[in-house]
Amino acid sequence: MKYIHFVIISVCILLLCVSPASGVRTKTMIHYSEPQVTVQDEIFLEQGYSFKVLDMNSKSGDIWIELYLDGEEVELDDNFAKKDEPLEYIRSVVEDEDDDEEEEVDYFILRITPEGDVDEDDGVVYSTIYVEQYMDPVEDMENYLLLDKSYSLTMDSELELSGLYTLEATDVDDDEVTLELRIDGKLLKEDEVEADDYFYYTVYSDGNPETLFLANVKAFFESGDEVSVFINHVSLKQSQVSSSDELPDGLDIDVSSPVDGGLKAGRIAIVSYSLNESFSEVRILVDGKVLDSRYNVSPGVYKAVSGEMDAGIHKATLRTINEDDESSYYSEDFSVSVNIKDNITESIVEIANTAAAEISKTYYMTSNTSKSDDSTKDSSSDAGESSESQESGLSPALWTSSTGVSNAVSLIITAGVFLLFFTFFNKFR
């Protein structure tokens, strides 16, 4: 009997713990971003939501924020966002049921999670955070071409979305599917996504993220030679950003190497950009990562430095924002070649190490042989020496001379190899 009472009490406690969480409803996700923030930054999201960073832990990246809706502060139970304790906002909404009775329903709206570390630039500390925002059923949804839609697509077959946007699955490998988002044939985003993860495309303007596309990869499977991918909760926002691969007159992007020999893998790149007029903000990006950001920029030539580049085709993008907050971006592809010089250097070092080892080995054997010969000379008879000379076919003097010739030949061959590779090395510098 006591056991039964214990079970009933345990079940009741479990229901009390589970019920609040299970009662929270979640609409489709409409925003995902990973912005870097610092103290006093204000980040604008969707449906009129925004938040301001009031303070930050300079070691852990934990942040203290205020949340706003249409400029009015939203009261939170906890204003701190930590790596293991993200800030979450749940909104209670009064809804009419079928029997005209009102019911209060909780909707999950926002989650903010710090990455857990900080970056520093010119003495300013930044924290990277993950922002997940879900649709608020009360607030208006504007400028959406698609919202909470579901689709299926097959491998190497483009799915036409809306507004010239297309989505394509190009590969499946190691439980991941590769998706490509394009607009009018231009690649915007390519990523490998696991089942139940999100594929998203977010752009940044004036420090603020804007998620243009989101889709949850529900599942994918192979059937014979065909691969089917199922996606749901698809949202596509009408972009207010214009783009072009052709730079207008007066704007220019140039990517170069700081050393002779061009852009090679393992080297940094210098990205220069020219402006013919003033802009409220200018950013230069490489492969979607911001290299340089400037405000109230005058006409002129500016430079930014990348990290070490990998071999392949890369994209440099110049984003400009004018006084009316109209944003445009212009892209230019550039290639980074394989660094043959480094490969040759590694080969030379390897050959040199091998040659040095062989020479050391030969010297060691010669030295031991000489010592052995000296010992034999002191203890053996003239007849013994004559017999050893006859067996080897050489006199003791000729034996030592032969060893010296062998060493000389080894050195000449090694020098020749170095000369050959040095010539080849200079050719590709």
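The values are calculated or read from the model by the stated rules, or taken from the named source; none is laboratory data. This is a predicted model, so every value here is computed, not measured. We place every Cβ from the backbone using ideal geometry, glycine too, and count neighbours over all the protein chains shown. These accessible areas exclude ligands, DNA and RNA; they are computed on the full protein's heavy atoms, side chains included. Shrake-Rupley method; radii C 1.70, N 1.55, O 1.52, S 1.80 Å.
If I filter the range 93-111 for residues that are in contact (Cβ under 8 Å) with a residue 60 or more places away in the chain, open to solvent by less than 60 Å² (accessible area, probe 1.4 Å), among the acidic types (D, E) and part of a loop (DSSP other than H, G, I, E, B), do I get at least one hit? The answer is no; no qualifying residue exists.
T170 meets each of the listed conditions (1) open to solvent by 30 Å² or more (accessible area, probe 1.4 Å); (2) outside any loop (DSSP other than H, G, I, E, B); (3) in contact (Cβ under 8 Å) with a residue 40 or more places away in the chain; (4) polar (S, T, N, Q) apart from (3).
With respect to the conditions (1) within 19 Å of the chain's Cα centre (by Cα); (2) at pLDDT below 90; (3) within 22 Å of H314 (Cα to Cα), V193 falls short on a single one, namely (2).
Check whether at least one residue in the range 190-200 is in contact (Cβ under 8 Å) with a residue 60 or more places away in the chain and either within 27 Å of T38 (Cα to Cα) or buried (at least 20 other Cβ atoms within 10 Å of the Cβ) (or both), and report yes or no. Yes, the range 190-200 has at least one match. The residues on offer are S157, S162, S150, and the sole one that is open to solvent by less than 60 Å² (accessible area, probe 1.4 Å) and within 30 Å of L69 (Cα to Cα) is S162. Filtering the range 281-324 to residues that are closer than 15 Å to V271 by Cα, surrounded by 14 or more Cβ atoms within 10 Å (Cβ to Cβ) and of a type in the set (A, V, I, L, M, F, W, C) leaves V282, I284, L285, V286, V290, L291, A304, M309, A316, L318.
Can you find a residue in the range 211-223 that is under 26 Å from T38 (Cβ atoms), out of contact with any Gly (no Cβ under 7 Å at 6 or more places or on another chain) and among the polar types (S, T, N, Q)? Yes, that holds for at least one residue.
The sole residue among D136, D156 that is touching a residue at least 40 places away in the same chain (Cβ under 8 Å) and not β-branched (V, I, T) is D136. Of all residues in the range 24-53, exactly one satisfies the criterion of being over 22 Å from Y204 (Cβ atoms) and of a type in the set (A, V, I, L, M, F, W, C), namely V24. Residue check: is E72 open to solvent by 70 Å² or more (accessible area, probe 1.4 Å) and not basic (K, R)? Yes: the conditions hold for E72. Taking V124 as the residue in question, decide whether it is of a type outside the set (K, R) and farther than 20 Å from Y200 by Cβ. Answer is yes for this residue. Taking the range 173-182 as the range and being β-branched (V, I, T) and either on the phi > 0 side of the Ramachandran plot or in contact (Cβ under 8 Å) with a residue 40 or more places away in the chain (or both) as the test, only V177 passes. Residues that are at pLDDT below 90, more than 15 Å from T211 (Cβ to Cβ) and not charged (D, E, K, R) within the range 119-153 comprise G123, V124, listed in sequence order. Annotation: Y130 fulfils all but one of (1) in contact (Cβ under 8 Å) with a residue 24 or more places away in the chain; (2) surrounded by fewer than 18 Cβ atoms within 10 Å (Cβ to Cβ); (3) closer than 20 Å to Q238 by Cβ; (4) under 19 Å from the mean Cα position of the chain (by Cα); the unmet one is (3).
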